[in-house]
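J.: This is the structure, below, for whatever I ask next.
The values are calculated or read from the model by the stated rules, or taken from the named source; none is laboratory data. Remember, it's a predicted structure, so these values are computed and weren't measured experimentally. We place every Cβ from the backbone using ideal geometry, glycine too, and count neighbours over all the protein chains shown.
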């Protein structure tokens, strides 16, 4: 499932409640019709939130602050 990193693709497939793995599905082939009765799992963020403090620290390391 390019363009998603493998860990993120696994989370996405799990949230969608699909019995697929990113290693076996190519993005251009990912056209599976989902039926109206299909149950999806509880959604959750795919990525963690980056704080302003973390950004400031990284900018300081790069000499940009």
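J.: What pairs come up if the first residue lies in region 42-65 and is without any contact (Cβ under 8 Å) to a residue 24 or more places away in the chain, the second is surrounded by 10 or more Cβ atoms within 10 Å (Cβ to Cβ) and assigned to a helix (DSSP H, G or I), and their beta carbons are under 7 Å apart, counting only those six or more places apart or on different chains?
T.: 65/56; 65/59
J.: Restricting the search to region 48-65, which residues are surrounded by 10 or more Cβ atoms within 10 Å (Cβ to Cβ) and outside any helix (DSSP H, G or I)?
T.: If the condition is that a residue be surrounded by 10 or more Cβ atoms within 10 Å (Cβ to Cβ) and outside any helix (DSSP H, G or I), then 65 is the only one that fits.
J.: Does region 32-44 contain any residue that is modelled with pLDDT under 80 and in a loop (DSSP other than H, G, I, E, B)?
T.: Yes: region 32-44 contains one or more residues that are modelled with pLDDT under 80 and in a loop (DSSP other than H, G, I, E, B).
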